[in-house]
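Inspection log for the structure reproduced underneath, given as C-alpha coordinates.
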Amino acid sequence: MSIPHYLKFSDFSADEYDYLFARTALIKKKFKAYDQHQPLVDRTLAMIFEKASTRTRVSFEAGMYQMGGSVVNLTTGDSQLGRAEPIEDTARVISRMVDLVMIRTYEQTKIERFAEFSRVPVINGLTNEFHPCQILADIFTFMEHRGSIRGKTVAWVGDGNNMANTWLQAAQLLGFTVHVSTPSGYEINQAVSGVDSTCYKVFQDPMQACAGVDLVTTDVWTSMGFEAENEARQQAFADWCVDADMMQAAHPEALFMHCLPAHRGEEVSADVIDGPQSVVWDEAENRLHVQKALMEYLLLGKA
Ligand code: CP
(Lines give C-alpha, C1' and ligand atoms only; values in the text may rest on other atoms or scores of the structure.)
Protein backbone atom coordinates (compact mmCIF):
# COMPACT_ATOMS: atom_id res chain seq x y z
CA MET A 1 0.00 0.00 0.00
CA SER A 2 1.42 3.42 -0.92
CA ILE A 3 2.11 5.85 1.91
CA PRO A 4 0.37 9.24 1.63
CA HIS A 5 2.74 12.22 1.83
CA TYR A 6 2.11 15.97 1.68
CA LEU A 7 5.20 17.34 -0.04
CA LYS A 8 3.54 19.89 -2.33
CA PHE A 9 0.06 21.36 -2.76
CA SER A 10 -0.57 19.33 -5.91
CA ASP A 11 -0.21 16.07 -3.96
CA PHE A 12 -3.94 16.25 -3.06
CA SER A 13 -7.02 16.48 -5.28
CA ALA A 14 -9.71 19.18 -5.15
CA ASP A 15 -12.01 16.65 -3.46
CA GLU A 16 -9.43 16.00 -0.77
CA TYR A 17 -9.18 19.77 -0.16
CA ASP A 18 -12.97 20.00 0.13
CA TYR A 19 -12.78 17.35 2.83
CA LEU A 20 -9.80 18.96 4.60
CA PHE A 21 -11.41 22.42 4.72
CA ALA A 22 -14.69 21.01 6.09
CA ARG A 23 -12.78 18.95 8.64
CA THR A 24 -10.69 21.99 9.63
CA ALA A 25 -13.86 24.00 10.32
CA LEU A 26 -15.11 21.24 12.63
CA ILE A 27 -11.76 20.84 14.43
CA LYS A 28 -11.49 24.62 14.91
CA LYS A 29 -15.03 24.83 16.29
CA LYS A 30 -14.25 22.09 18.81
CA PHE A 31 -10.99 23.80 19.79
CA LYS A 32 -12.82 27.09 20.43
CA ALA A 33 -15.40 25.27 22.58
CA TYR A 34 -12.72 23.42 24.64
CA ASP A 35 -14.25 20.21 23.30
CA GLN A 36 -11.47 17.58 23.23
CA HIS A 37 -10.60 16.09 19.84
CA GLN A 38 -8.07 13.30 20.41
CA PRO A 39 -7.99 10.86 17.48
CA LEU A 40 -4.18 10.53 17.61
CA VAL A 41 -3.61 9.09 21.10
CA ASP A 42 -0.32 7.12 21.19
CA ARG A 43 0.78 8.55 17.81
CA THR A 44 4.12 10.38 17.57
CA LEU A 45 5.16 13.17 15.23
CA ALA A 46 8.87 13.80 14.55
CA MET A 47 9.65 17.35 13.47
CA ILE A 48 12.95 18.07 11.71
CA PHE A 49 13.96 21.71 11.42
CA GLU A 50 16.93 22.65 9.27
CA LYS A 51 15.71 26.28 9.22
CA ALA A 52 14.27 28.51 11.95
CA SER A 53 10.54 28.60 12.73
CA THR A 54 7.98 30.04 15.11
CA ARG A 55 4.53 29.31 13.58
CA THR A 56 5.33 25.92 12.05
CA ARG A 57 6.98 24.64 15.22
CA VAL A 58 4.24 25.80 17.59
CA SER A 59 1.30 24.85 15.38
CA PHE A 60 2.51 21.31 14.67
CA GLU A 61 3.65 20.67 18.24
CA ALA A 62 0.56 22.12 19.92
CA GLY A 63 -1.69 20.47 17.33
CA MET A 64 -0.25 17.00 17.90
CA TYR A 65 -0.51 17.28 21.69
CA GLN A 66 -4.06 18.60 21.44
CA MET A 67 -4.99 15.52 19.37
CA GLY A 68 -3.61 13.21 22.07
CA GLY A 69 -0.25 12.43 20.49
CA SER A 70 3.32 13.39 21.27
CA VAL A 71 6.17 15.13 19.45
CA VAL A 72 9.94 14.73 19.00
CA ASN A 73 11.81 17.81 17.78
CA LEU A 74 15.12 17.57 15.91
CA THR A 75 17.32 20.25 14.41
CA THR A 76 20.38 19.97 12.22
CA GLY A 77 22.57 21.13 15.09
CA ASP A 78 21.38 18.57 17.64
CA SER A 79 21.08 15.50 15.40
CA GLN A 80 23.33 13.43 13.16
CA LEU A 81 21.89 15.32 10.17
CA GLY A 82 24.37 18.06 11.01
CA ARG A 83 27.16 15.49 10.84
CA ALA A 84 26.27 14.35 7.32
CA GLU A 85 24.27 11.19 8.04
CA PRO A 86 22.57 10.47 4.69
CA ILE A 87 18.96 11.65 4.54
CA GLU A 88 17.92 8.18 3.31
CA ASP A 89 19.38 6.53 6.44
CA THR A 90 17.77 9.14 8.67
CA ALA A 91 14.41 8.45 7.02
CA ARG A 92 14.76 4.67 7.44
CA VAL A 93 15.53 5.02 11.15
CA ILE A 94 13.13 7.78 12.24
CA SER A 95 10.19 6.29 10.36
CA ARG A 96 10.56 3.00 12.30
CA MET A 97 10.06 4.90 15.56
CA VAL A 98 7.33 7.46 14.87
CA ASP A 99 4.02 7.63 12.98
CA LEU A 100 4.45 10.88 11.09
CA VAL A 101 7.32 13.21 10.09
CA MET A 102 7.28 16.95 9.36
CA ILE A 103 10.41 18.43 7.75
CA ARG A 104 11.53 22.02 7.13
CA THR A 105 14.59 22.02 4.93
CA TYR A 106 16.29 23.52 1.88
CA GLU A 107 15.90 21.73 -1.46
CA GLN A 108 12.63 19.97 -2.30
CA THR A 109 14.70 17.02 -3.51
CA LYS A 110 15.84 16.46 0.08
CA ILE A 111 12.30 15.97 1.42
CA GLU A 112 11.45 13.82 -1.59
CA ARG A 113 14.44 11.57 -0.86
CA PHE A 114 13.35 11.34 2.78
CA ALA A 115 9.79 10.42 1.75
CA GLU A 116 11.03 7.74 -0.64
CA PHE A 117 12.70 5.89 2.23
CA SER A 118 10.10 6.65 4.92
CA ARG A 119 7.65 4.05 6.25
CA VAL A 120 5.32 6.80 7.46
CA PRO A 121 3.71 9.93 5.95
CA VAL A 122 5.96 12.96 5.49
CA ILE A 123 4.75 16.60 5.56
CA ASN A 124 6.53 19.56 3.96
CA GLY A 125 6.95 22.26 6.62
CA LEU A 126 8.67 24.52 4.02
CA THR A 127 11.33 23.95 1.41
CA ASN A 128 13.03 26.38 -0.95
CA GLU A 129 10.43 25.47 -3.56
CA PHE A 130 7.12 25.00 -1.69
CA HIS A 131 5.19 25.83 1.50
CA PRO A 132 1.94 23.85 1.16
CA CYS A 133 0.82 23.99 4.82
CA GLN A 134 0.90 27.79 4.67
CA ILE A 135 -1.28 27.96 1.56
CA LEU A 136 -3.65 25.43 3.13
CA ALA A 137 -4.08 27.89 6.02
CA ASP A 138 -4.32 30.90 3.69
CA ILE A 139 -7.10 29.43 1.60
CA PHE A 140 -9.02 28.27 4.66
CA THR A 141 -8.68 31.82 6.03
CA PHE A 142 -9.97 33.30 2.77
CA MET A 143 -12.95 30.93 2.87
CA GLU A 144 -13.77 31.90 6.45
CA HIS A 145 -13.87 35.59 5.51
CA ARG A 146 -15.15 35.56 1.92
CA GLY A 147 -16.45 32.07 1.02
CA SER A 148 -15.12 29.91 -1.82
CA ILE A 149 -11.91 31.01 -3.52
CA ARG A 150 -13.04 29.44 -6.83
CA GLY A 151 -13.22 32.11 -9.55
CA LYS A 152 -11.44 34.72 -7.40
CA THR A 153 -8.17 36.55 -8.12
CA VAL A 154 -5.13 36.68 -5.84
CA ALA A 155 -2.28 39.17 -6.33
CA TRP A 156 1.18 37.88 -5.45
CA VAL A 157 3.51 40.89 -4.97
CA GLY A 158 7.22 40.25 -4.41
CA ASP A 159 9.58 37.32 -4.66
CA GLY A 160 8.86 34.43 -7.05
CA ASN A 161 9.55 32.08 -4.15
CA ASN A 162 8.18 28.95 -2.46
CA MET A 163 4.95 30.76 -1.51
CA ALA A 164 4.41 31.98 -5.07
CA ASN A 165 5.01 28.47 -6.47
CA THR A 166 2.52 27.03 -4.01
CA TRP A 167 -0.14 29.67 -4.75
CA LEU A 168 0.16 28.71 -8.44
CA GLN A 169 -0.38 25.02 -7.70
CA ALA A 170 -3.41 25.89 -5.57
CA ALA A 171 -4.84 28.13 -8.30
CA GLN A 172 -4.63 25.38 -10.89
CA LEU A 173 -6.22 22.82 -8.58
CA LEU A 174 -8.94 24.95 -6.98
CA GLY A 175 -9.91 27.16 -9.93
CA PHE A 176 -8.74 30.69 -9.20
CA THR A 177 -6.26 33.08 -10.84
CA VAL A 178 -3.00 34.54 -9.50
CA HIS A 179 -1.68 37.93 -10.65
CA VAL A 180 2.09 37.71 -10.18
CA SER A 181 4.34 40.77 -9.97
CA THR A 182 8.01 40.29 -9.13
CA PRO A 183 11.09 42.45 -9.70
CA SER A 184 13.21 41.59 -12.70
CA GLY A 185 15.53 38.69 -11.86
CA TYR A 186 13.18 37.26 -9.20
CA GLU A 187 10.44 35.88 -11.47
CA ILE A 188 8.55 32.66 -10.88
CA ASN A 189 9.86 29.57 -12.63
CA GLN A 190 6.85 27.81 -14.15
CA ALA A 191 8.78 24.54 -14.33
CA VAL A 192 9.01 24.42 -10.51
CA SER A 193 5.26 24.62 -9.88
CA GLY A 194 4.47 22.58 -13.00
CA VAL A 195 1.26 24.55 -13.63
CA ASP A 196 -0.02 25.62 -17.02
CA SER A 197 -0.16 29.30 -17.94
CA THR A 198 -3.96 29.58 -17.71
CA CYS A 199 -4.02 29.95 -13.91
CA TYR A 200 -1.81 33.03 -13.65
CA LYS A 201 -0.92 36.34 -15.31
CA VAL A 202 2.38 38.19 -14.98
CA PHE A 203 2.50 41.99 -14.41
CA GLN A 204 5.61 44.16 -14.34
CA ASP A 205 3.78 46.82 -12.34
CA PRO A 206 2.60 45.62 -8.91
CA MET A 207 -0.18 48.25 -8.91
CA GLN A 208 -1.62 46.70 -12.06
CA ALA A 209 -1.33 43.23 -10.51
CA CYS A 210 -3.48 44.42 -7.59
CA ALA A 211 -6.20 46.06 -9.69
CA GLY A 212 -9.58 44.62 -8.73
CA VAL A 213 -8.23 41.52 -6.97
CA ASP A 214 -9.88 39.76 -4.02
CA LEU A 215 -6.71 39.10 -2.05
CA VAL A 216 -3.29 40.79 -1.96
CA THR A 217 -0.46 38.76 -0.49
CA THR A 218 3.30 38.98 -0.19
CA ASP A 219 6.30 37.59 1.69
CA VAL A 220 9.68 38.79 2.93
CA TRP A 221 12.08 40.04 0.28
CA THR A 222 14.81 37.65 1.45
CA SER A 223 13.67 34.13 2.30
CA MET A 224 15.66 31.84 4.60
CA GLY A 225 18.65 30.44 2.77
CA PHE A 226 19.06 33.52 0.56
CA GLU A 227 20.59 35.87 3.16
CA ALA A 228 23.74 36.44 1.09
CA GLU A 229 21.54 38.22 -1.50
CA ASN A 230 19.93 40.53 1.06
CA GLU A 231 21.57 43.79 -0.01
CA ALA A 232 20.82 43.29 -3.70
CA ARG A 233 17.27 42.28 -2.88
CA GLN A 234 16.65 45.40 -0.76
CA GLN A 235 17.36 47.50 -3.86
CA ALA A 236 15.57 45.30 -6.37
CA PHE A 237 12.35 45.00 -4.31
CA ALA A 238 12.01 48.67 -3.28
CA ASP A 239 8.90 49.20 -5.48
CA TRP A 240 7.28 45.93 -4.32
CA CYS A 241 6.08 47.11 -0.91
CA VAL A 242 2.35 46.43 -0.46
CA ASP A 243 1.05 49.80 0.67
CA ALA A 244 -2.27 51.61 0.96
CA ASP A 245 -2.20 52.59 -2.74
CA MET A 246 -1.96 48.95 -3.80
CA MET A 247 -4.80 47.97 -1.45
CA GLN A 248 -6.80 50.89 -2.84
CA ALA A 249 -6.34 49.46 -6.35
CA ALA A 250 -7.73 46.09 -5.22
CA HIS A 251 -11.45 45.27 -4.83
CA PRO A 252 -12.94 47.27 -1.92
CA GLU A 253 -13.55 43.98 -0.05
CA ALA A 254 -10.02 42.68 -0.72
CA LEU A 255 -8.10 40.99 2.08
CA PHE A 256 -4.39 41.24 2.85
CA MET A 257 -2.35 38.19 3.87
CA HIS A 258 1.29 37.59 4.80
CA CYS A 259 2.64 34.24 5.98
CA LEU A 260 4.85 36.03 8.56
CA PRO A 261 7.32 36.94 9.91
CA ALA A 262 6.82 40.40 8.36
CA HIS A 263 9.11 43.40 7.99
CA ARG A 264 7.01 46.55 8.23
CA GLY A 265 8.34 49.18 5.83
CA GLU A 266 9.87 46.57 3.50
CA GLU A 267 7.47 44.15 1.79
CA VAL A 268 4.41 45.68 3.52
CA SER A 269 3.62 49.04 5.08
CA ALA A 270 2.53 49.11 8.72
CA ASP A 271 -0.86 50.66 7.88
CA VAL A 272 -1.68 47.69 5.61
CA ILE A 273 -0.55 44.79 7.81
CA ASP A 274 -2.07 46.44 10.90
CA GLY A 275 -5.08 47.78 8.99
CA PRO A 276 -8.69 46.61 8.61
CA GLN A 277 -8.16 44.51 5.47
CA SER A 278 -5.38 42.45 7.05
CA VAL A 279 -6.25 38.94 8.27
CA VAL A 280 -2.70 37.89 9.13
CA TRP A 281 -3.45 36.83 12.72
CA ASP A 282 -6.34 34.58 11.63
CA GLU A 283 -4.03 33.26 8.92
CA ALA A 284 -1.33 32.40 11.46
CA GLU A 285 -3.81 30.78 13.88
CA ASN A 286 -5.29 28.69 11.10
CA ARG A 287 -1.95 26.92 10.63
CA LEU A 288 -2.89 25.06 13.82
CA HIS A 289 -6.35 24.02 12.67
CA VAL A 290 -5.55 23.03 9.06
CA GLN A 291 -2.52 21.01 10.13
CA LYS A 292 -4.55 19.11 12.73
CA ALA A 293 -6.95 18.14 9.93
CA LEU A 294 -3.98 17.27 7.71
CA MET A 295 -2.25 15.06 10.30
CA GLU A 296 -5.51 13.28 11.10
CA TYR A 297 -6.18 12.69 7.39
CA LEU A 298 -2.69 11.37 6.65
CA LEU A 299 -2.83 8.93 9.58
CA LEU A 300 -6.48 7.88 9.69
CA GLY A 301 -7.97 8.84 6.31
CA LYS A 302 -11.41 10.42 6.09
CA ALA A 303 -13.40 10.39 9.33
N1 CP B 1 4.93 31.21 8.03
C2 CP B 1 5.78 30.37 8.64
O3 CP B 1 6.04 29.27 8.15
O4 CP B 1 6.25 30.83 9.83
P5 CP B 1 7.52 30.24 10.59
O6 CP B 1 8.72 30.44 9.70
O7 CP B 1 7.60 31.03 11.87
O8 CP B 1 7.29 28.77 10.85
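The values are calculated or read from the model by the stated rules, or taken from the named source; none is laboratory data. Since this is a predicted model, take the numbers as computed values, not measurements. Glycine gets a Cβ as well: all are built from the backbone with ideal geometry, and neighbour counts include every protein chain shown. Ligands, DNA and RNA are stripped out before the accessible areas are found, and what is left, the full protein with its side chains, is counted by its heavy atoms. Shrake-Rupley method; radii C 1.70, N 1.55, O 1.52, S 1.80 Å.
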Using a/c under 1.5 as the rounded threshold, could you call the chain rounded, prolate or oblate? The axes a ≥ b ≥ c are square roots of the C-alpha gyration tensor eigenvalues, and prolate needs a/b larger than b/c, oblate otherwise. prolate
The chain, accessible surface, carbon-and-sulfur percent (1.4 angstrom probe): 50
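May I ask you to derive the relative contact order of segment 1-123, considering only C-alpha pairs under 8 Å and at least 6 residues apart, and to give it as an integer percent? Could you put the intermediate results ahead of the total?
On the way: 156 pairs, mean separation 38.1, N = 123.
That works out to 31 percent.
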Once the whole set of protein chains is in place, how much accessible area is left on Asp219, using a 1.4 Å probe, in Å² to the nearest 10? 10
Counting all Cα-Cα pairs in segment 112-176, those more than 17 Å apart amount in percent to 48
Send over a whole-number figure in Å² for the accessible area per residue of the chain, probe 1.4 Å. 43
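Tell me, what is the percent relative contact order of segment 145-303, built from C-alpha pairs under 8 Å that lie six or more residues apart?
Values: 267 pairs, mean separation 33.3, N = 159.
Reported relative contact order: 21 percent.
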Mind checking which of Ile135, Phe31, Gln208 is farthest towards the positive end of the chain's charge dipole, using Cβ charges of +1 (Lys, Arg) and -1 (Asp, Glu) about the Cα centre? Phe31
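Return a whole-number percent for the relative contact order of the chain, with Cα pairs under 8 Å and 6 or more residues apart as the contact set.
Values: 572 pairs, mean separation 57.6, N = 303.
Once normalised by length, the contact order is 19 percent.
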Choice from Ile139, Ile87, Ile273 with maximal GNM fluctuation in the chain (Cα, 10 Å cutoff): Ile87
Segment 241-303 to segment 138-155: how many Å between their Cα centroids? 11
Show the residues, 5+ positions off or on another chain, whose built amide H is closer than 5 Å to the amide H of Asn73. Met47
